[in-house]
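Step one of this worksheet: look at the structure below.
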Amino acid sequence: MYHTFCNRSLQLILVALAAVIAYGNSLQVPFYFDDYPSIKNNTMLTEGGPIDVFLHFGQRGVAYLSFYLNHSIHGLSVEGYHVGNILTHIAVSLCIYWLISLLLNVSNCQTNRHNNAAKWLPLLCAVIFAVHPLNSQAVTYIVQRTAALSAFFYLAALCCYLLLRTAQQLNQKLCAFFAFALFTLLALFTKQNAFTLPVILIAAELCFFNSLKRRQVLSLLAVIAGALVLTYHFSPDTLVALDKHTRETTRFSRLDYFIHQLPILWMYIGKFFAPINLRLEYPFLIGSFPPWVIWLSALAHSAVIAFAIYNRRSLPLVSFGIFFFYGAHIVESGIIPIRDLAVEHRTYLPNVGILVLLSAVLSRLSVQRHYFIWFPSTVVICTLISLTIARNQFWLSPEKFYLNEYHLDPNNTRVINNLAKYYYDNGDKQKALALFEESYQKSEGLMRGDEATNYLVLKIQQGEITEAYQLGNQLLKDISDPYVRSVILQNLGYMSLRTKKMSLAEYYLRKASNLKGAPNKVLLGLSVSLAEQGKFNEAMVLVERILARDKNHSGALKLKRKLAHFL
């Protein structure tokens with residue numbers, strides 16, 4: 001028992017050490033892309049409390065609470081955020097070790113055989129995951145902690161469920177049940193892809209416990225389909241609302257999104273086995289794949305899934321790995337349209353299915369001769385570590401990173417915009433303005449939120465007031481996101497204050513103040529514009545509102561003293 005404990009502890013340490021070696025050079029990677037609105041410029045992290053943050057971010061509340069904790073301890077020092085990401089990734093890797101161990105034990109018990117591979121395969125799979133460069137986007141890109149943290153809770157819930165199903169004593173079952181419920185709840189409030197967990201639990205029942213029959217699964221699907229039909233007949237507005245809340249974009253249909261995911265899924269699988277030419281985003285659009293590629297991809301996926309269904313009892317571990325891969329992809333690579341057709345961090349959780357499949361294959365190939373696996377495995381792991389370190393080197397240099405992405409896809413407006421922002425922050429305003437103009441032209445009126453606000457801010461700082469008003473008003477027509485609209489309105493409002501256009505400042509800042517979560521800066525600017533127009537009572541009401549949030553707010557206190565002379 002003691003020897004087993006020491007051996008397992010050593011293996012867990014090796015998993016953590018491998019992750020630290022692979023990602024140790026990422027601690028100085030700066031903020032990128034969505035890090036700015038989500039963390040660096042997120043007023044909720046500075047003005048709200050933990051409950052405010054959780055309620056504001058809803059289904060990602062737990063992830064943003066972790067950012068709130070980082071911000072409270074480290075401010076905007078990136079090292080603290082990266083330590084948090086690496087620790088989360090280590091926790092996920094250890095969960096994979098635990099999951100593979102449980103699955104091998106369940107599978108071995110089912111076949112009544114002892115497999116020595118169960119002693120070392122969990123370590124191999126966990127280390128491969130810990131150092132794999134395809135995971136770098138979820139680990140090195142700070143805001144994608146959402147993907148890693150969700151995966152941790154998701155896998156921990158799955159492990160607890162397996163313990164619950166295999167435990168013999170009542171107290172063990174109760175502990176496993178409550179842990180399963182807790183981790184499931186945390187996963188559901190970390191990222192939306194956690195809603196696929198029931199699918200994976202059904203797959204586990206079908207593959208390992210045989211408690212569900214095909215007829216029961218088909219009956220469940222029939223009930224769901226019937227419920228949707230009845231809902232459409234008696235309350236079509238409910239489905240309209242459901243449609244609205246289960247899509248990120250209306251630029252393409254669910255069917256178009258789904259059929260284009262079919263070849264993309266094969267690309268993801270290829271990247272797992274040959275992780276080269278990694279990139280932030282892939283330039284796939286609706287129409288990027290010819291029909292024959294889509295049909296061939298669909299046929300290949302159907303064959304793989306049919307194989308898993310047919311062999312779920314004879315090859316339970318193989319089938320479960322296949323079910324896990326496809327099941328975990330349902331939300332982001334299924335019928336929920338997302339603006340970016342393909343990004344690497346979506347593979348973080350589903351690739352656990354490939355590792356389960358790999359463990360099943362290696363387990364069967366090396367029941368007695370597992371020592372022959374170690375040399376090629378060591379070569380593979382060292383190669384993966386070197387690729388991950390090299391990928392992190394790209395992330396360390398924003399100019400190098402953006403230029404590489406720009407050369408890979410010259411039409412990627414988000415990359416162009418962020419390269420422009422990099423040049424602007426480093427004093428090269430002419431390069432920045434030219435790139436912002438290029439980004440705006442190529443976006444064809446569909447600029448992202450951060451792109452739009454960066455371009456508007458540069459116009460204002462360059463003193464192009466008329467052009468800034470025109471751009472800002474056009475962006476307000478094109479953009480519906482409340483946060484981005486608030487930032488645009490705030491910039492237009494403060495520009496109007498500086499140019500002494502008080503009625504215009506009131507107009508923009510009042511609209512910004514009506515949006516949910518309006519920051520104190522908006523309220524203060526609006527109160528200043530009201531005071532300058534002689535609307536002292538209204539201005540005082542807003543000042544008191546600011547002081548109710550922050551009794552030591554210096555700007556509000558200063559304005560309150562001035563208003564006292566007129567009231």
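Given an 8 Å cut-off on Cα distances and at least 6 residues of separation, report the relative contact order of the chain as a percent.
Numbers: 692 pairs, mean separation 79.7, N = 567.
Relative contact order comes out at 14 percent.
Taking the C-alpha atoms only, the angle from helix 316-328 to the longest principal axis of the chain is near 10 degrees.
Any idea what diffusion coefficient region 295-453 gets from Stokes-Einstein, in µm²/s, Kirkwood Rh on alpha carbon pairs, 20 °C, 1.002 mPa s? For these conditions, the coefficient is 109 µm²/s.
Axis angle, to the nearest 10 degrees, between helix 214-234 and the longest C-alpha principal axis of the chain: 20 degrees. When only Cα pairs below 8 angstrom with a gap of at least 6 residues are kept, region 241-393 shows a relative contact order of 32 percent. Remark: the chain carries 48 Å² of accessible area per residue (probe radius 1.4 Å; ligands, DNA and RNA excluded). Once both labels are positioned 7 Å from their Cα atoms along Cα-to-Cβ, the gap between ILE335 and SER386 label points is 4.6 nm. Taking the protein heavy atoms of the chain in the context of the full set of protein chains, the accessible area attributed to carbon and sulfur is 64 percent at 1.4 Å. Ordering 269-279, 159-169 by mean Cβ neighbour count within 10 Å, with the highest value first, yields 159-169, 269-279.
With just the Cα atoms defining each centre, how far is region 285-341 from region 381-435? Give it in Å. Region 285-341 and region 381-435 have Cα centres spaced 32 Å from each other.
Can you figure out the FRET efficiency of ARG561 with SER72, using R₀ = 41 Å and their beta-carbon distance, to the nearest 0.05?
0.85
Taking amide H positions as modeled 1.01 Å from N, with prolines and chain starts lacking one, the residues under 5 Å from TYR32 and 5 or more places away or on another chain are ILE142.
Helix 429-443 and the longest principal axis of the Cα set of the chain meet at an angle near 70°.
Checking (1) 165; (2) 200; (3) 187 against the coordinates, the calculated volume of the Cα convex hull per residue in Å³ falls under label (3).
Karplus-derived 3J(HN,Hα) values for region 26-41, using 6.51 cos²θ - 1.76 cosθ + 1.60 with θ = phi - 60°, are 9, 5, 9, 4, x, 5, 9, 6, 5, 4, 5, x, 7, 10, 4, 9 Hz; glycine and proline are entered as x.
If you stretched the chain out fully between SER9 and GLU399, how much longer would it get, using 0.36 nm times the residue separation minus the C-alpha to C-alpha distance?
Working: separation 390, 0.36 × 390 = 140.40 nm, distance 4.17 nm.
Extra length available between SER9 and GLU399 comes to 136.2 nm.
Using r as the Cβ-Cβ distance of ALA434 and ILE276, and R0 as 30 Å, what FRET efficiency do you calculate, to the nearest 0.05?
Values: r = 32 Å, r/R0 = 1.07.
The formula returns an efficiency of 0.40 here.
The phi-based Karplus calculation (6.51 cos²θ - 1.76 cosθ + 1.60; θ = phi - 60°) puts the 3J(HN,Hα) values of region 334-340 at x, 10, 9, x, 10, 4, 8 Hz, whole numbers, x for Gly and Pro.
The values are calculated or read from the model by the stated rules, or taken from the named source; none is laboratory data. These figures come from a predicted structure and were not determined experimentally. In this analysis, Cβ positions are derived from the backbone assuming ideal geometry, glycine residues included, and neighbour counts consider all displayed protein chains. With ligands, DNA and RNA removed, areas are computed over all heavy atoms of the protein, side chains included. Shrake-Rupley method; radii C 1.70, N 1.55, O 1.52, S 1.80 Å.
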